[in-house]
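First up is the structure itself, then whatever we jot down about it.
Every number here is computed from the coordinates shown, using simple stated rules; none is lab data. Since the model is a prediction, treat every value here as computed from it, not as a measurement. Here the Cβ is made from the backbone with ideal geometry for all residues, glycine too, and neighbour counts use every protein chain on show.
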Amino acid sequence: AEEREELSWELFGTASRELAHTIAEDGFAPDLILSIARGGLFVAGALGYALDVKNLHVMNVEFYTGVDQRLDLPVMLPPVPNVVDLTSKKVLIADDVADTGATLKLVRDFCVEHVAEVRSAVVYEKPHSTVKCEYVWRHTDKWINFPWSVLPPVVQRTGQVLDA
Ligand code: 5GP
């Protein structure tokens, strides 16, 4: 089997704390954190506590269907955040990994016309990512096993459509 990058729950605790320190030391004080579901929710929650930001928003983007199995393009799924909530705000986008960078680019492009400032924080960034995040915990070119998705779901669900 090819080599994987393993992130345990414990190491995720360290990673998110260190990421928060980097952001704080850089002097960036976001008004709100925009997480990219689902992996980014964990990162956004941890950063929200560590940076004392209570204003958290979610954006649903689907791109990957399995290990290195991706759709042609990342797609924004409903509900899409209300741009009025983002207007003139300093926004921190939080996600688990920038791989191709396509997901983050989609979310950044969505934000950039409306917000005062947008920066991105990820736990991992891959070297080929088209988006270079301002805040990165570690760089890797391996497939990453995240603690929240390394195990299969406890129930099998088929043909689920979001917001149906
Ligand atoms: P991108 O649009 O940057 O190619 O991919 C972003 C999303 O794809 C991530 O938020 C994550 O859900 C998924 N993804 C990309 N690379 C990996 C990986 O190495 N491991 C896992 N578990 N998910 C990944």
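State all residues of region 105-122 that are more than 13 Å from residue 23 (Cβ to Cβ) and within 15 Å of the chain's Cα centre (by Cα); if no residue qualifies, say none.
Within region 105-122, 105, 106, 107, 108, 109, 110, 111, 118 meet the criteria.
Conditions: (1) touching a helix residue (DSSP H, G or I) at 6+ places or on another chain (Cβ under 7 Å); (2) surrounded by fewer than 11 Cβ atoms within 10 Å (Cβ to Cβ); (3) in a strand (DSSP E or B). Residue 72 meets all but one. Number of the miss?
(1)
Among the numbered criteria (1) crowded, with 19+ Cβ neighbours inside 10 Å; (2) part of a loop (DSSP other than H, G, I, E, B), which single criterion is violated by residue 120?
The one condition residue 120 does not meet is (2).
Looking at residue 84 and the list (1) free of Cβ contacts under 8 Å to residues at least 24 places away in the same chain; (2) under 15 Å from the mean Cα position of the chain (by Cα), which single condition is not satisfied?
Of (1) free of Cβ contacts under 8 Å to residues at least 24 places away in the same chain; (2) under 15 Å from the mean Cα position of the chain (by Cα), only one is false for residue 84: (2).
Take the conditions in a helix (DSSP H, G or I), farther than 17 Å from residue 149 by Cβ and within 12 Å of the ligand (Cβ to nearest atom) and apply them to residue 41. Does it pass?
Against the criterion (in a helix (DSSP H, G or I), farther than 17 Å from residue 149 by Cβ and within 12 Å of the ligand (Cβ to nearest atom)), residue 41 does not qualify.
For region 6-33, give me each residue that is closer than 16 Å to residue 139 by Cβ and surrounded by fewer than 16 Cβ atoms within 10 Å (Cβ to Cβ).
6, 11, 18, 22
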